[in-house]
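Here the structure comes first, spelled out in structure tokens, and everything after it is commentary.
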Amino acid sequence: MDFDNGKPIYLQIVDFFYENILIKRWKEDERIPSVREVAMMVEVNPNTAIRAFNHLQDLEVIYNKRGIGYFVSENGYAKVLDIKRKEFMQHMLPDVFKKMILLNISFDDLKNTYNQQENEKK
């Protein structure tokens, strides 16, 4: 995993979890890789990985079945979706709007580009 120096590593691991949950690679009530497995996957110290696990537990995205492992919470997908939507709206969208204004891109331009890209996928 390539890390961004501008963000703590454990939060980048949290983003890795979010992505796997959102693409449904890790489904609700399914066991996920262990702390050691994640640490090896992303090549970090297990203490850094456990910090990500603890953060996700605090958010109730995952839970621990003692002696069995960690699992995605029953409503983990919805929680992650809510977290990432808020993050997008509060942190990314203002920058997108600023760039649209600077580049004189209208919402119609944006919609047309989106529709064109969707048609090309088909």
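The values are calculated or read from the model by the stated rules, or taken from the named source; none is laboratory data. What you see is a predicted model, and the numbers here were worked out from it, not measured in a lab. Virtual Cβ from ideal backbone geometry, glycine too; neighbours counted across all protein chains shown. Surface areas here come from the heavy atoms of the whole protein model, side chains and all, with no ligands, DNA or RNA. Shrake-Rupley method; radii C 1.70, N 1.55, O 1.52, S 1.80 Å.
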Problem set entry | Exposure ranking of 84, 98, 122 by accessible area [1.4 Å probe, largest first] | 122, 98, 84
Problem set entry | Degrees between helix 46-58 axis and first principal axis of the chain (Cα, 0 to 90, nearest 10) | 70 degrees
Exercise. Can you list the residues of the stretch 70-109 with backbone N under 14 Å from a point 7 Å past the Cα of residue 37, pointing along Cα to Cβ?
Worked result: 70-72
For this session: Please give the per residue volume of the convex hull enclosing the alpha carbon atoms of the chain, rounded to a whole number of Å³.
Result: 145 Å³
